[in-house]
Amino acid sequence: MLGTKGRMTQVFDEGGAVHPATIVAAGPLTVTQVRTSEGDGNTMVQVGYGSKKEKNVNKAQSGKPFRHFREFLPGEAGLEVGTSIDVSTFAPGDVVTVSAVSKGKGFQGVVKRHGFHGGPRSHGQKNKERSPGSIGGGGRAGGRVVKGMRMAGRMGGDRVTVKNLKVLQVDTASHTLLISGAIPGRPGTLVEIRG
């Protein structure tokens with residue numbers, strides 16, 4: 001299922017315990033293409049989500065005014081072009097995996113980006129508290145910086161997958177899901193929900 005991340009809220013269960021939750025506007029999806037690969041015989045299903053003005057659709061996708069397209073291996077057979085898939089495929093209590101692109105945080109230092117502790121705050125230390133410290137050299141790697149060394153740089157904007165989230169509520173009328181916990185990205189981010 002594809003959806004759009006909304007705001008966070010909290011939900012009380014029967015026992016009175018509170019659970020943080022994220023509202024996701026999910027679906028409906030429309031099957032736009034079904035194709036079988038000659039090599040392994042798998043059937044791939046392409047679905048479209050969201051709407052787009054007809055004048056903004058390129059010629060290759062004419063007649064398919066969807067904002068997002070995704071392909072997947074269907075768990076159920078018999079999906080045909082034009083079939084609609086909605087949130088009724090999920091039920092409260094289902095365990096799902098959610099993938100989305102995380103918030104971009106720009107250029108960050110090693111303390112925020114990698115969780116370094118920084119230098120000591122004593123013994124004449126004045127302006128090196130958040131520095132990375134030694135990055136090797138000498139005999140360690142032949143006098144060069146090793147590939148993969150954790151240093152300052154661009155942080156965020158990565159595809160992040162969160163597993164074992166629980167569906168708390170399903171609203172078929174408004175096409176929304178309430179998923180426990182936080183999911184990656186800002187409000188409005190495209191999310192993929194897999195059961």
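The values are calculated or read from the model by the stated rules, or taken from the named source; none is laboratory data. Predicted model only: the values in this text are computed from it and were never measured. We place every Cβ from the backbone using ideal geometry, glycine too, and count neighbours over all the protein chains shown.
Structure above, values below:
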{"item": "Residue check, Thr36 modelled with pLDDT of 90 or more and not aromatic (Phe, Trp, Tyr)", "result": "no"}
{"item": "Where a residue in the stretch 129-148 is closer than 20 Å to Gly119 by Cα and its partner, wherever it lies, is at pLDDT 85 or above and of a type in the set (Val, Ile, Thr), with Cβ under 7 Å and at least six apart", "result": "Arg130/Val111; Pro132/Val110; Ile135/Val145; Gly136/Val145; Gly136/Val146"}
{"item": "Test: residue in the stretch 5-22 that is of a type outside the set (Lys, Arg), in a strand (DSSP E or B), in contact with a Lys or Arg (Cβ under 6 Å, 6 or more places away or on another chain) and closer than 25 Å to His68 by Cα", "result": "no"}
{"item": "Residue match in the stretch 70-89 (condition: closer than 28 Å to Ala26 by Cα, surrounded by 12 or more Cβ atoms within 10 Å (Cβ to Cβ), of a type in the set (S, T, N, Q) and in contact (Cβ under 8 Å) with a residue 24 or more places away in the chain)", "result": "yes"}
{"item": "Selection count, the stretch 123-177, where residues are of a type in the set (Asp, Glu) and over 30 Å from His19 (Cβ atoms)", "result": "1"}
{"item": "Single residue of the stretch 48-95 satisfying the filter (outside any loop (DSSP other than H, G, I, E, B) and among the aromatic types (Phe, Trp, Tyr)) that is modelled with the lowest pLDDT", "result": "Phe72"}
